[in-house]
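The values are calculated or read from the model by the stated rules, or taken from the named source; none is laboratory data. In this text the structure is predicted, and so the values were computed from the model without any measurement. Cβ placement follows ideal geometry from the backbone for every residue including glycine, while neighbour counts extend to all protein chains displayed.
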Amino acid sequence: MNPAESSVAICGAGTMGAQIAFHCALKGYTVTLYDINTDQLDRADSLLHELMDKKLAKGKITQDEVDQAFARLKYETSLEETCSNASLIIEAIIEDLQAKKKLFSEISSYAPKEAILATNSSSIVSSKLASEVHHPSRLCNIHFFNPALVLPLVEVVKGDHTSEDTVDRAIEFVESIDKTPVRLEKEIFGFITNRILAAIFDEAISLYENGIADFKQIDTAVKAGLNHPLGPFELLDLTGIDVNYGIKVLEAEDSGDPSKGPSQTLTRLYQEGRLGRKSGQGFYVYEKEK
């Protein structure tokens, strides 16, 4: 895909959607960021300005680059307006299958037939959405990692319904925004990176729940012994206890194995509203930034 000839639409203006949209704008694409909620679009705009102000202060980006990117970014509450001329449409809403099905049914009715349709989900594969899409051969997973403005990896996942041309074009798009694409030849829950990460999370929580070591000691061991920048409990807090709780719920449903569900610890933190950095407390306690 060529930024000069293509436009990108992102549906869902949460943290991931906003950052994916702005990264595409930074790389030269005309981008529309859609959300049904105008307040959410306002929050996304504030978040992006805050993130860019930090980059400007550190000299990691120029004011001209920021200004040009914001000029290429449009906020929209009309899904038809968002999708009608898009070359690529990426869904980035909550991890709820029925909500995604409804959205893709609507997207499919508005999008050009040659447009690539993608979900950013790592827990809901595109084959579960294919029945809602006209010409499902153009549908795949394009999975960015949080924070999308920083992390280079993007997993591109081919479903049985996905054409080779769609995967090739999706990878071409990922490369055009200076990200690193990894191609998966078939669908599997969690894809590559999150499956490996989930195994680390599960073992870390098991060690903690069985009284082998305090969570801080486990984090220290992983950082000092495996050279990871963050320990598993720090990473759970960063990505969100609610997000990880939801993924484990979906994993249990997907596998039909209740033992794959959330641990007692994740369940307790989720029920107490201790969601990690976003709420000020998860495994760790965080001071609010001034």
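Could you go through the range 94-109 and let me know if any residue there is more than 26 Å from Asn146 (Cα to Cα), at pLDDT 95 or above, surrounded by 17 or more Cβ atoms within 10 Å (Cβ to Cβ) and in the same structural domain as Tyr34 (by TED's automatic domain parsing). Within the range 94-109, one or more residues are more than 26 Å from Asn146 (Cα to Cα), at pLDDT 95 or above, surrounded by 17 or more Cβ atoms within 10 Å (Cβ to Cβ) and in the same structural domain as Tyr34 (by TED's automatic domain parsing). Every test in (1) outside any helix (DSSP H, G or I); (2) not assigned by TED's automatic domain parsing to the domain that holds Gly261 is passed by Ala170 save one, and that test is (1).
Of the helices (runs of 4 or more DSSP H) lying entirely inside the range 49-141, those containing at least 3 residues that are within 16 Å of Asp35 (Cβ to Cβ) are 79-83, 97-110. Among the residues making up the range 175-217, those that are touching a helix residue (DSSP H, G or I) at 6+ places or on another chain (Cβ under 7 Å) and in a helix (DSSP H, G or I) are Ile200, Phe201, Ala204, Ile205, Leu207, Tyr208, Glu209, Phe215.
For every residue, the table says whether it meets (1) within 25 Å of Val243 (Cβ to Cβ); (2) touching a residue at least 40 places away in the same chain (Cβ under 8 Å).
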site	(1), (2)
Cys83	no, yes
Ala92	yes, yes
Leu103	yes, yes
Tyr110	no, no
Ala118	yes, yes
Ile124	yes, yes
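When the residues of the range 230-261 are filtered to those that are assigned to a loop (DSSP other than H, G, I, E, B) and under 20 Å from the mean Cα position of the chain (by Cα), which remaining residue is modelled with the highest pLDDT? Filtering the range 230-261 for residues that are assigned to a loop (DSSP other than H, G, I, E, B) and under 20 Å from the mean Cα position of the chain (by Cα), the one modelled with the highest pLDDT comes out as Leu230. The criterion of being closer than 14 Å to Phe283 by Cα, in contact with an Asp or Glu (Cβ under 6 Å, 6 or more places away or on another chain), touching a residue at least 12 places away in the same chain (Cβ under 8 Å) and not assigned by TED's automatic domain parsing to the domain that holds Asp96 holds for Gly231.
Within the range 2-60, the residues that satisfy the criterion of being acidic (Asp, Glu) and either without any contact (Cβ under 8 Å) to a residue 40 or more places away in the chain or closer than 20 Å to Ile177 by Cα (or both) are Glu5, Asp39, Asp42, Asp45, Glu50, Asp53. Checking each residue in the range 13-72 for being of a type in the set (Phe, Trp, Tyr) and within 26 Å of Phe104 (Cα to Cα) picks out Phe22, Tyr29, Tyr34.
For the range 262-290, the tally of residues that are more than 23 Å from the chain's Cα centre (by Cα) and aliphatic (A, V, I, L, M) stands at 1.
Just name the residue that is farthest from Ser123 (Cα to Cα) out of those in the range 262-275 that are assigned to a helix (DSSP H, G or I) and either in the same structural domain as Asn146 (by TED's automatic domain parsing) or among the hydroxyl-bearing types (Ser, Thr, Tyr) (or both). Out of the qualifying residues, it is Thr265.
Of the residues in the range 42-56, none is among the hydrophobic types (A, V, I, L, M, F, W, C), at pLDDT 95 or above and under 23 Å from Val133 (Cβ atoms). Among the polar types (S, T, N, Q) and in contact with a Pro (Cβ under 9 Å, 6 or more places away or on another chain), is that true of Asn210? No; evaluated as a whole, the condition is false for this residue. Within the range 142-164, is there a residue that is surrounded by fewer than 24 Cβ atoms within 10 Å (Cβ to Cβ), assigned to a helix (DSSP H, G or I), in contact (Cβ under 8 Å) with a residue 60 or more places away in the chain and more than 17 Å from the chain's Cα centre (by Cα)? No, because not a single residue in the range 142-164 is surrounded by fewer than 24 Cβ atoms within 10 Å (Cβ to Cβ), assigned to a helix (DSSP H, G or I), in contact (Cβ under 8 Å) with a residue 60 or more places away in the chain and more than 17 Å from the chain's Cα centre (by Cα).
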